[in-house]
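Since every read-out is calculated from the coordinates, none of them should be taken as a lab result. Computed from a predicted model, the values in this text were never measured in an experiment. When we count neighbours, we look across all protein chains shown, and the Cβ atoms used for this are built from the backbone with ideal geometry, even at glycine.
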Amino acid sequence: MPIARLIEYKIALPSEYAFDLLMNIGDAGYFMPITRPGVIPAPKVPGKYSERIRRVEDISRELNRILSQYSIPPPVTPHEVKIGLFNELLEYIIEDGEDLLTRVRQYLDSIEGIRNEYMRLRGIVDVLSLVGDIVIEKLRHFSVDIVPISEEDFNEFRNAVINHGAETLPIKVQERFYALVIYPEWARQGLLNTYKLFNATPLEVPSTIDLNSMKSKLAELEGRLGKLEQEFRDFLTKVSDRAYAIIDLSDTITNIVRQYMDSAIPEGKDIGDRLLQIMNSVNDTRNRIRELEVVHEALGYMKKTGISFEGLSRLRIRVFVIRGGVNKDAIKGLMYIKRDVEGTDLSILTLVESPEGLDVRSLGKEVYEISRDYLTNIKSAYELTGRELTDLRSRLKDLEKEYEEFVKEFNEVSTYGVEGINKVSGDVITIAGYVKESLSSKFDILLTSLLSKLAIDAKVRKESKVAYVKEIEPEKAPTLEEYPKPVDAFKKITYMYGVPKYIEISPIILTFILFPAFYGWMYPDLGHGIVLSLFGYSLYRSRYKGSNAFLRSIFGGKYSMWGLVFLMAGIWSIIFTFVESGTIFGIEVLPALFRLVHVSGTALEVLSNSIYAMLAVSIMVGIVSLLLAFILKAINAHRGGERDLAIGFYVPLFFFFTFLVLALMGPGFVPVIRIGEKTPLLKPLYPLFNAIEGLMWYWAYAAFAVLAILMFSLFYFRAKYRGVPGFSAAQLAVEVSAEAAIPSLTNTISFMRLSIVAIMHAVFTAMTYAWAVSLGLFTPAGLAVLIIFNLIIILGEGFVAFVQSLRLHFYEMYTKFFSGAGVLFTPFMLGLRWVKLFIV
């Protein structure tokens, strides 16, 4: 099985150096960290990094906004960065980022200053060009403001300023809109406040107005602004490698921090505090249960003997339940009533007018006071304490389970374990994860190099530790499958259903063989197969980087592995051409063993003998495929540790399905024989058909015998595994009925779709050819029909064949043996796009 063996590592070190570890393993790209179990608290980011990480994010965000605003493309060649430690990476980003932002802000401030002056002057020129400068200069005791405002707000704005005795004129120049406000000088302050409500600022109008000079100044400012913006754009292009490097490295920092929060396991004090918290809750609950059990038993005795405290209601009384006898010295001189509960070591002590400073603990070894609320109604109190006891016992079970699960989960991922909590300081964490066995020596070298570099810190020398777990738990281990490229491409199909477990037989090899074969079976035409193969090869090999976004999205390399799938499907289409059709784009030019359709001129003939033969063969292939699925199911159960189930249940299930299918062939419920006998093409199989049909009752008896074994196994395993988590007798019963008995009819017949879709494909292509011949094959009309309808068939039938092949795999076969519940091995990677990082 090509599922790679993995080794589990547990690496403990001070939390501040965990970021160096993640940076190095992310750069290597072959370590998959284990996600921290939810019951374990998340670690804290070391204080020395928190503020700088936030600063890095701010720098990256600002640079990204500016580059996007000015549409600066990323660099073609990656920017090289050399660092040694995570701390140096932060310093590099901050120093280089601050330097870039300082230059950028200088440009932006200059641009903003010129733009503001340009906008002010342009507004004045716009207005003066329409209303003239005399309005501005020669109004006495009145002032004029030019206020840029949106056209939608103008009416509301005019209604607001009219309250200050102002008149407003709308002025629109191209897409720009202004309000010309004429007002008495005494109203200026009120108007300024009104402007603020509309987020508007009046343009500052010079005392002397020369429209021509203003236009000249405006042209000068426009030139300066354009030149400065181009200079700024050139600057951004020049430093784009640095800017994108900072953004890229900032994203890497974010990935490292996110991975730290997801996978780092705190050791030491934090875990000790959490365990103590759970244990205190357990002890408190146990103590409360012990107290309530005593009180409940005492209340039961009172209820049974009819003890009542109604006559003492006006007195100050206290009632205690004491286990192990009452201390007589402690009650000397007190007014009390003492009752011993029969058959127990409990005593009920009622103190009347007890002293204020009474030491309750001196009354006996275990002393519990009964609440006065309980004494008012003994019966109700007895029932209430009974319900509370039930709830508390359930709560105690939950707490004990929580404690056990916490310890179990923590020990599985921790380097020091619960026993070693006190051996380390509070800032030590563990990063646990998996490495492919063949790369373990390389990873060991990486760890040795890193820890040697960090060993200058005494904490690293004291508290760092690496543990190896060679025998990892199969149920939790991720799956890493490695195949040659043509086989590897079929992960795309299998993983659409699910990822195989670490110990499970992967169906990828089966999919590699059967998926393209089934596709070709349903798509038998040499011309169509060649087109599909060429498309697949182009998809696999092409790396289109041109300007066409559609072509770039398809042929840019993203779907290259799908190209291999279509290439294989096309090859099988070519092979099945010599089995079912013998056609090139519907034109009969090749021999075919089971030709489905024949065209003579414009006449179309469906060849029933070949159709019956292919239908019978498709059912046979379905039976073999399903038998293989049952075999794989038994093997997977055996590999998963369920050896008794594999031998005692799944092997009989295989034979039950086999005998049932053979028995159903005789009367024609599984119509292999009925269909096969109608065609002379399958004459060599007639003796086999006769033998199967003649033994029909023997197959039926065998099926019932195996069914009896299955029923016995069902009850046996139900008794053996009663209460075991994950086991379901109902599920086994479903597998007998829904995965063996019913599929012997439905799933086997379902494989007839292989030939049915092939018949449809052959008929459509033959009809297209016949139509083209009727119009004149080499006339424009005939060629148009031949080309257009063949394209439609290639796309339509190609899609149908793909979907039906998927269905046969996912529904008919995978459901029998493949859980798809595994976890894909996904190593942590820095994900750098525009940086070539060297960790020295």
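Here are some notes:
- When peptides 6-15, 87-96 are ranked by their average number of other Cβ atoms within 10 Å per residue, the highest-first order is 6-15, 87-96.
- The chain - charge dipole about Cα centre, Lys and Arg +1 at Cβ, Asp and Glu -1, debye rounded to 20: 1440 debye
- Label-point separation, residue 537 to residue 777 (7 Å along Cα→Cβ), nm: 2.6 nm
- Mean-position separation - Cα centroids, segment 767-824 and segment 276-296, in angstrom: 70 Å
- Neighbour counts of C-beta atoms inside 10 Å place 339, 316 in the sequence 316, 339, starting with the fewest.
- Calculated FRET value between residue 283 and residue 458, using beta carbons and R₀ = 45 Å, to 0.05: 0.75
- Simple label model, 7 Å out from Cα along Cβ direction - residue 316 to residue 697, nm: 9.8 nm
- Net charge contributed by nearby residues that have their C-beta within less than 14 Å of residue 789 (K/R +1, D/E -1): -2
- The slack between residue 605 and residue 470, meaning 0.36 nm per residue of separation minus the straight C-alpha distance, is 42.1 nm.
- Estimated distance in nm for a label pair at residue 156 and residue 422, the labels positioned 7 Å out from Cα along Cα-to-Cβ: 7.0 nm
- Extension gain, residue 44 back to residue 219 (0.36 nm per residue minus Cα-Cα distance, nm): 57.2 nm
- When the Cα positions of 696, 498, 141 are compared along the charge dipole of the chain, 696 comes out farthest toward the positive end, with charges on each C-beta of Lys, Arg, Asp and Glu.
- The fewest-to-most ranking of 118, 523 by surrounding Cβ atoms within 10 Å reads 118, 523.
- Positive-end extreme of charge dipole, the chain - chosen from 818, 184, 114 (charges on Cβ): 818
- Each of 302, 214, 829 has some number of other Cβ atoms within 10 Å of its Cβ, and from fewest to most they run 829, 214, 302.
- Helix-only CD estimate at 222 nm, as mean residue ellipticity for the chain, using -39500 (n - 2.57) per DSSP H run (n ≥ 4): -19000 deg cm²/dmol
- Net charge dipole, segment 255-390: roughly 360 debye, given to the nearest 20, about the Cα centre with Cβ charges of +1 for Lys and Arg and -1 for Asp and Glu.
- Legend: helices of the chain (whole DSSP H runs) are marked when their alpha-carbon atoms reach 27 angstrom or more along the helix axis and their mean Kyte-Doolittle hydropathy is at least 1.0; marked are 608-639, 696-720, 753-775, 780-807.
- Annotation for segment 208-275 versus segment 373-389: alpha-carbon center distance of 69 Å.
- When only the Cβ of Lys, Arg, Asp and Glu is charged (+1, +1, -1, -1), the dipole of segment 572-701 relative to its Cα centre reaches about 180 debye.
- Segment residue 631-residue 819, extension gain: residue separation times 0.36 nm, minus the distance between their alpha carbons: 66.2 nm
- Given charges at Cβ of Lys, Arg, Asp, Glu: the chain dipole, positive-most of 647, 237, 800: 647
- Cα-only Debye scattering, the chain: base-10 log of I(q)/I(0) at q = 0.08, 0.09, 0.11 Å⁻¹: -1.03, -1.08, -1.22
- If you plug the beta carbon distance of residue 328 and residue 88 into 1/(1 + (r/R0)^6) with R0 = 51 Å, you get a FRET efficiency near 0.05.
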